[in-house]
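Okay, structure first, notes after.
The values are calculated or read from the model by the stated rules, or taken from the named source; none is laboratory data. Please read all numbers here as calculations on a predicted model, not as lab measurements. Here the Cβ positions follow ideal geometry from the backbone for every residue, glycine too, while neighbour counts run over all protein chains shown.
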Amino acid sequence: MPAADTMGGGPVSAPHAAPPAIELSGISKSFGPVQANKDIDLTVAKGSIHGIIGENGAGKSTLMSILYGFYKPDRGEIRVNGRAIQITDSMTAIRAGIGMVFQHFKLVRNFTVLENIILGAEDGPMLRPSLARARTRLRELAEEYELQVDPDEVIEELSVGHQQRVEILKALYRQADILILDEPTGVLTPAEADHLFRILRGLRDEGKTIILITHKLREIMEITDTVSVMRRGEMVASVTTAETSPEELAELMVGRKVLMEVDKQPAAPGETVLSVRDLRLVDDEGVERIRGISFDIREGEIVGIAGVSGNGQTQLLELLGGFPEKGATVGGEVVMNGHSLDLTGTKSDAATRRARGIGHVPEDRQDEGLIMDFAAWENVAFGYHHAPEYGRGVFMDRAAIRRDAEAKIERFDVRPPNPDLAARNFSGGNQQKIVVAREVERNPDLLLIGQPTRGVDIGAIEFIHKRIVELRDAGKAVLLVSVELDEIMSLSDRILVMFDGLIMGERQAATTTPGELGLLMAGVTDTENARDEDGIPPEHSHPVDRPDEATPRPEGGH
Amino acid sequence: MDINTIIQILDSAVRLMTPLLLACLAGLYSERSGVFDIGLEGKMLMAAFSAAAVAALTGSVWLGLLAGIAGSLMLSLVHGLASITFRGNQLISGVAINFLASGLTVLLGQKIFALGGRTPSLTGGGRFGAIRLPFAETLEPVPVIGPIYADLISGHSILVYVAFLCVPLTWWLLFRTRFGLRLRAVGENPASVDTAGVSVTRLRYVAIGICGVLCGLAGAYLATGLGAGFVKEMTAGRGFIALAALIFAKWRPWGALFATFLFGLLEAIAGRFPSIDLGIITVPSMFMNALPYILTVIILAGFVGRAIPPRAGGEPYVKER
């Protein structure tokens, strides 16, 4: 067994004396005309947790992909543990002791955990000995770092939190000393994220070096020792975490002062706009996605739905938006402005919903919100192309649509302000602005908005949040679905927590805590007397997978 | 129907399923690696022609076999260049290969032999003869077991035995070796293989190489084992039937054996009973001959359960973050 394996134990005695784990100097990389990384210098000390923070498109992922051998830098030098190396492919990176956990896991979904672990790191041409060795090694790693996972389970049966553990185990199995994690907490509940951070601290205390890429300031402050900030392909600062503040980091990221809190007055709710009673949805595979939920939304309030993704929020939004999953069976009643909505049949489509005053910013803007290859001005008209001002008889009035789109693009500060550019060529934040502009400018009585700021940079988040609050202040109702707890807490007036197709409880945004919501998100309703580990949700996200487990019970009358 | 008729039908099914089985396994390697291959037909045709042509010119069936494999490999390489290296559309590349083979074989055949695209009939050393397994004569008089051994198991050309041996071999390779693990992984999620430091391109080229060799065996068997020379379009859609069998088999080697046996059996029955008299109506021979193709359509239309193809199939691999 190579030496690296036995070296891992024990804290590093004198970290300042050892050469830095990673030293980058003058790294540049461009893709065509786009300069993704400009002359980057970065030093990461051995045995530390180093954060890299920046807006989307700042070049964080590119830089790390260069380090992992995915891209070749145009210029610059990489030193690992003081030795200059050329990382030409992932194999070189792995040999140099670098492991990477990608944002989108690189696992084979129908392989077992063990098969995924050994893939590419087999001992010989036969599988059996490799599998046996991996099984033993996995048990050791699991005990050492709180990384328990069933080695014979198939990946697609695992929760995302466990899949992520497999990715970390993969890197450790390859004896990685330097672990890079790209946006690791995006898919986790707060409790799962806490668990991950415990694991990372454990790894650091064993002498491993960890690089954490994220856009969440809270995580940086919580776990990192040092932090580097990237903006538009450049490294703008490297500081010790203890000596900085979230406000300072945000300013460095965006290049200007950023309002961290959403600035809003208390809500003044009016009449009920939407009333949902005992709503149920069974999908075409017979899985109950929504299991009898009831709630109201009134004029002038933002109701947030919190929850780990996959607990029925998507189906709820799609159902209210008029495009439930094909083959789904729907029950219950939805009343909008005093008239009941058709939940099935031809009148339950998105166009009818829009006519009834429901605007919808779907969760997945690239698949459902936009046609990526169409120009921005066309995308601004989608769904409203029958509007009288867009047409002349049976023809579309292209000039009118363009004028309208240009005005919206300007008001929403879409960059670049080029209506002819295909949606694909805008950044995530600007794509989202196009969708939000389309829906919000129609002044709907009810706005359904899913993951409004997923993959959106801080500057645009601030802008989109402001528009949502403005809509509320104009006396409209907003239903916000988000997996970002921070966003739910700062934007909503009332919070409903969904778990397993049920609404587990309702909280006032002003008085609740992330801990309390986190427990509800994991299906624990007794938030007063819960223990910490109750916040980890069951491994499987659907009741069909664990028929013998007790069904979660929502609080009170929900 | 007596035992001898049944044995004769099964015997003929075994011979007829052999090219299907080889082509089906060829497709299995390619598609398990994530490269869809509708060019099986073209590769078989090319192999059949080169095998027959070289066997006719040299009088050696073994040289013919090598030429068949070479011809098929050449087309595999074209497919690889188009769909792996240059990330082209795999279906279009496959269609192109089918057209290329269909035209090229007849053109070259006419140029070399001037027999309207045919090759001369092969005799003697130009064909694969039957292999008599030991004790076939001794056992022959024993009832039931005798004829089964002597006629059904013994007495086929070497390529038949090779094809049947390929089934357990493929299973072992796929599920018990490092190569198999990587091959299955690259067809499901090439990014997982790439990030593990293994070359996606090389794995896929190896897979289509194996596919080429197997198609070469299938084509050579058609022209020098089953038939005695090459005739225009002699594959008669077998490449497509093999693809249907592959779906039916859910991309598994033992399934491939079963699925191709079914097709072979249908073809054998159609050959043995051109028309079947059911009393009220007589099933015409055209219908019997069409049976394998009808079954293909039914399978492709998805009537036989849900078959989940390798997830990354048909997609050229492009690195992304």
Next on the checklist: Just to be sure before I move on: is B:Met44 surrounded by 24 or more Cβ atoms within 10 Å (Cβ to Cβ) and within 20 Å of B:Asp151 (Cα to Cα) in the structure I sent?
Outcome noted: no
Item to check | Criterion: part of a loop (DSSP other than H, G, I, E, B) and surrounded by 17 or more Cβ atoms within 10 Å (Cβ to Cβ) - qualifying residue of A:Val303, A:Val308 | outcome: A:Val308
Next on the checklist: Among (1) within 30 Å of A:Val236 (Cα to Cα); (2) crowded, with 18+ Cβ neighbours inside 10 Å, there is one condition A:Gly255 misses while meeting the rest; what is its number?
Outcome noted: (2)
Next on the checklist: With the structure loaded, tell me whether B:Leu133 is out of contact with any Leu (no Cβ under 9 Å at 6 or more places or on another chain), free of Cβ contacts under 8 Å to residues at least 60 places away in the same chain and crowded, with 16+ Cβ neighbours inside 10 Å or whether it fails that test.
Outcome noted: no
Next on the checklist: Scan the stretch B:225-234 and tell me whether some residue there is part of a helix (DSSP H, G or I), basic (Lys, Arg) and within 29 Å of B:Leu66 (Cβ to Cβ).
Outcome noted: no
Item to check | helices (runs of 4 or more DSSP H) (entirely within the stretch A:23-142) containing at least 1 residues that are over 27 Å from B:Arg32 (Cα atoms) and within 11 Å of another protein chain (Cβ to nearest Cβ) | outcome: A:60-67, A:90-95
Checklist outcome for this item: Picked from the stretch B:167-183 (must be aliphatic (A, V, I, L, M) and free of Cβ contacts under 8 Å to residues at least 40 places away in the same chain), the residue farthest from the other protein chains (Cβ to nearest Cβ) is B:Leu169
Checklist entry - When residues of the stretch B:191-204 are filtered for being closer than 20 Å to A:Leu67 by Cα and either more than 7 Å from chain A (Cβ to nearest Cβ) or without any contact (Cβ under 8 Å) to a residue 24 or more places away in the chain (or both), how many remain? => result 8
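Residues are listed down the side, and each one gets a yes or a no for (1) over 18 Å from A:Arg354 (Cα atoms); (2) modelled with pLDDT under 90; (3) out of contact with any helix residue (DSSP H, G or I) (no Cβ under 8 Å at 6 or more places or on another chain):
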residue	(1), (2), (3)
A:Gly304	yes, no, no
A:Leu316	no, no, yes
A:Ala328	yes, yes, no
A:His339	no, yes, yes
Next on the checklist: Taking the condition of being touching a Leu at 6+ places or on another chain (Cβ under 9 Å), within 26 Å of A:Ile358 (Cβ to Cβ) and of a type outside the set (Lys, Arg), how many residues in the stretch A:246-292 meet it?
Outcome noted: 9
Next on the checklist: Consider the stretch A:222-245. How many of its residues are surrounded by 14 or more Cβ atoms within 10 Å (Cβ to Cβ) and either within 29 Å of A:Gln313 (Cα to Cα) or not β-branched (Val, Ile, Thr) (or both)?
Outcome noted: 10
Item to check | The lone exception for B:Asp151 - which of (1) out of contact with any Pro (no Cβ under 7 Å at 6 or more places or on another chain); (2) farther than 30 Å from B:Gly109 by Cβ; (3) surrounded by 21 or more Cβ atoms within 10 Å (Cβ to Cβ); (4) not aromatic (Phe, Trp, Tyr) it fails | outcome: (3)
Item to check | Residue count, the stretch A:350-378 (criterion: surrounded by 14 or more Cβ atoms within 10 Å (Cβ to Cβ) and either outside any helix (DSSP H, G or I) or in contact with a Cys (Cβ under 9 Å, 6 or more places away or on another chain) (or both)) | outcome: 13
Checklist outcome for this item: Going through the stretch A:293-323 in order, the residues found to be in contact with a Leu (Cβ under 7 Å, 6 or more places away or on another chain) and over 17 Å from A:Leu479 (Cα atoms) are none
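Taking the condition over 21 Å from the mean Cα position of the chain (by Cα), part of a helix (DSSP H, G or I) and within 14 Å of chain A (Cβ to nearest Cβ), does B:Val186 pass? Walk me through how you get there before you give the answer.
Values: over 21 Å from the mean Cα position of the chain (by Cα): yes; part of a helix (DSSP H, G or I): yes; within 14 Å of chain A (Cβ to nearest Cβ): yes.
For B:Val186, the condition - over 21 Å from the mean Cα position of the chain (by Cα), part of a helix (DSSP H, G or I) and within 14 Å of chain A (Cβ to nearest Cβ) - is met.
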Checklist outcome for this item: Exactly one of A:Gly202, A:Gly233, A:Gly207, A:Gly270 is in contact with a Pro (Cβ under 8 Å, 6 or more places away or on another chain) and at pLDDT 85 or above, and that one is A:Gly207
Checklist entry - Quick one: how many residues across the stretch A:384-413 are over 17 Å from A:Asp457 (Cβ atoms) and assigned to a loop (DSSP other than H, G, I, E, B)? => result 7
Checklist entry - If we scan the stretch A:379-401, do we find a residue that is surrounded by 18 or more Cβ atoms within 10 Å (Cβ to Cβ) and among the hydroxyl-bearing types (Ser, Thr, Tyr)? => result yes
Checklist entry - Looking only at the stretch A:414-463, which residues are part of a helix (DSSP H, G or I) and closer than 24 Å to A:Lys257 by Cβ? => result A:Gly428, A:Gly429, A:Asn430, A:Gln432, A:Lys433, A:Val436, A:Ile458, A:Gly459, A:Ala460, A:Ile461, A:Glu462, A:Phe463
Next on the checklist: Suppose we filter B:Ile3, B:Ile38, B:Ile9 for residues that are closer than 21 Å to B:Ile210 by Cβ and in contact (Cβ under 8 Å) with a residue 12 or more places away in the chain; which single one remains?
Outcome noted: B:Ile38
Next on the checklist: Could you go through the stretch A:34-56 and let me know if any residue there is closer than 21 Å to A:Leu172 by Cβ, within 24 Å of the chain's Cα centre (by Cα), crowded, with 16+ Cβ neighbours inside 10 Å and modelled with pLDDT under 90.
Outcome noted: no
Checklist entry - Just a yes or no: is a residue in the stretch A:191-207 closer than 20 Å to A:Gly69 by Cβ, more than 14 Å from chain B (Cβ to nearest Cβ) and touching a residue at least 60 places away in the same chain (Cβ under 8 Å)? => result no
Next on the checklist: Give all pairs with beta carbons closer than 6 Å in which a residue from the stretch A:69-83 that is farther than 23 Å from A:Lys208 by Cβ meets a residue that is modelled with pLDDT under 90; count only pairs at least 6 apart in sequence or on separate chains.
Outcome noted: A:Tyr71/A:Ser65
Item to check | Filtered residue count, the stretch B:257-272, keeping only those that are free of Cβ contacts under 8 Å to residues at least 24 places away in the same chain and either crowded, with 22+ Cβ neighbours inside 10 Å or of a type in the set (Gly, Ala, Ser) (or both) | outcome: 1
Checklist entry - What about B:Leu77, is it in contact (Cβ under 8 Å) with a residue 40 or more places away in the chain, under 19 Å from the mean Cα position of the chain (by Cα) and under 30 Å from B:Lys319 (Cα atoms)? => result yes
Checklist entry - Can you spot a residue in the stretch B:138-145 that is at pLDDT below 95 and surrounded by 15 or more Cβ atoms within 10 Å (Cβ to Cβ)? => result yes
